[in-house]
Amino acid sequence: MSDSTPLFREDVQGFLALVNSLPAPERLDPAEQRAGYLGLKAMTEADPRPLAVIKDLTCAGPAGPIPVRFYDIRESREPAPVILFFHGGGFVIGDLDTHNSLCTELSAELDLPVLAVHYRKAPEHPFPAAPDDCEAVARWLAASPAELDRRVTGLVTIGGSAGGNLATVTARALMDKPAAAPMLLQVLLYPATDESQDGSMATFAEKHLLTKVAMDWFYSLYLPESGNPRAFPIHAEAKGMCPTIVATAGLDPLQDQGRRLAAKLVDAGVDTLYLHIAGMTHDFSTTRKALPSAHAATAKIIAAMKLMLTKV
């Protein structure tokens with residue numbers, strides 16, 4: 001069940017009032033929405049952290065080279081896990097730049113390398129292009145490619161929204177057919193996991209940042225197959241999954257989807273840490289300049305990651 005009387009944090013109220021005062025786009029066009037999303041992040045996201053290493057690379061993929069960006073707070077390091085980051089944006093918008101600051105935050109706070117993936121997006125590349133690319137990068141990373149000059153001891157997949165979907169789809173693929181380094185942890189931030197149209201999807205359908213209209217538009221371009229576990233991971237096998245963090249937001253139409261996936265993992269005996277951030281909107285981890293409470297919520301997730309990684 002979604003929140004019956006949801007909390008509205010004061011800073012979130014002001015942020016939503018501003019967002020809801022803006023005129024709705026006359027049409028939903030992928031190119032325009034991609035530019036708008038990048039512009040929004042420039043206004044709402046925290047500044048990037050300084051790191052010793054930030055470099056753009058490519059990985060061979062099923063349809064050609066896949067752009068990736070490698071981050072590390074250290075110039076060099078001993079063998080270590082690597083965080084594999086998948087950006088959100090409904091499988092249509094978002095890129096390496098929209099989530100650049102968050103990747104620098106993860107590397108700086110966790111003292112681990114991060115690799116961000118620029119997977120193919122719809123409508124140019126509908127399902128299953130995105131999960132195909134993400135799995136290809138994961139297997140490449142697990143093999144400790146020479147370009148990184150690091151020995152990879154394990155993978156942590158992480159992403160928000162569509163990126164949360166891809167993080168768990170990729171983790172499941174590597175649990176089913178192990179790569180050269182093991183899956184250690186998956187971190188799913190307000191993930192898109194199923195086809196549901198009721199519950200929180202209806203309660204928060206509009207005026208809470210992410211809207212049902214936007215979700216319907218994303219899926220009309222992405223063309224996911226209903227019931228396919230690589231499109232909607234609620235249908236995937238939960239037993240045997242790696243340790244998991246699931247974080248949901250109290251004003252998010254996707255909150256019930258994340259909650260259902262967390263419950264399925266718990267029922268299957270998976271080591272699962274569930275965080276529900278009351279009073280927060282979807283995509284809060286990339287609104288840390290606009291929302292002080294989003295900064296605190298993101299810090300809570302990073303603390304949870306540190307805790308879970310001490311167990312592996």
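Tabulated data
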| quantity | calculated |
| --- | --- |
| Low-density loop cleavage sites - trypsin sites (Lys or Arg not before Pro) in the stretch 159-258, where at most 14 other Cβ are within 10 Å (DSSP) | 207, 239 |
| Overall form of the stretch 31-169 per C-alpha gyration tensor (a/c, 1.5; a/b vs b/c) | oblate |
| The chain: translational diffusion in µm²/s, Stokes-Einstein, Kirkwood Rh over Cα pairs, 10 °C, 1.306 mPa s | 83 |
| Beta bridge orientation in the chain: antiparallel %, DSSP, nearest 5 | 30 |
| Estimated dipole of the stretch 132-176 in Debye, rounded to 20 [Cβ of Lys and Arg +1, of Asp and Glu -1, Cα centre] | 180 |
| Formal net charge of residues neighbouring residue 303 (Cβ-Cβ distance under 13 Å; K, R +1; D, E -1) | 0 |
| Angle between the chain longest axis and helix 10-21 axis [Cα atoms, degrees, rounded to 10] | 70 |
| Check: the chain dipole with +1 on Lys, Arg Cβ and -1 on Asp, Glu Cβ, in debye | 580 |
| Label-point gap, in nm, between residue 49 and residue 299 - each point 7 angstrom along Cα→Cβ | 1.2 |
| Potential extension, residue 111-residue 220 segment - 0.36 nm per residue separation minus Cα distance | 35.3 nm |
| Principal-axis tilt of helix 100-110 within the chain, Cα atoms, nearest 10 degrees | 60 |
| Candidate lysines for bridging to residue 55, where Cα separation is under 21 Å - those fewer than 8 sequence places away on the same chain excluded | 41 |
| Long-range amide H partners of residue 273 with built H, under 5 Å | 244, 245, 246 |
| Interchain or long-range residues, amide H under 5 Å from residue 58's placed H | 68 |
| Virtual spin-label span in nm between residue 35 and residue 8, 7 Å along Cα→Cβ | 3.3 |
| Net dipole in debye of the stretch 48-101 [+1 Lys, Arg Cβ; -1 Asp, Glu Cβ; about Cα centre; nearest 20] | 80 |
| Sparsely packed GluC sites (Glu not before Pro) within the stretch 79-173, loop by DSSP, other Cβ within 10 Å at most 10 | 124 |
| With Cα atoms, 0 to 90° folded angle of helix 255-267 axis to the chain main axis | 50 |
| Computed label-point distance, nm, for sites residue 202 and residue 58 using a 7 Å Cα→Cβ extension | 4.8 |
| Listed residues 140, 164, 14: farthest to the positive end of the dipole of the chain (Cβ charges) | 140 |
| Sequence ranges 246-255, 192-201, ranked by mean other-Cβ count within 10 angstrom, highest first | 246-255, 192-201 |
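Rule-based calculations on the coordinates, nothing more; no lab input. All values reported here derive from a predicted model rather than from experimental measurement. Heads up, the Cβs are rebuilt from the backbone with ideal geometry, glycines too, and the neighbour counts pull from every protein chain shown.
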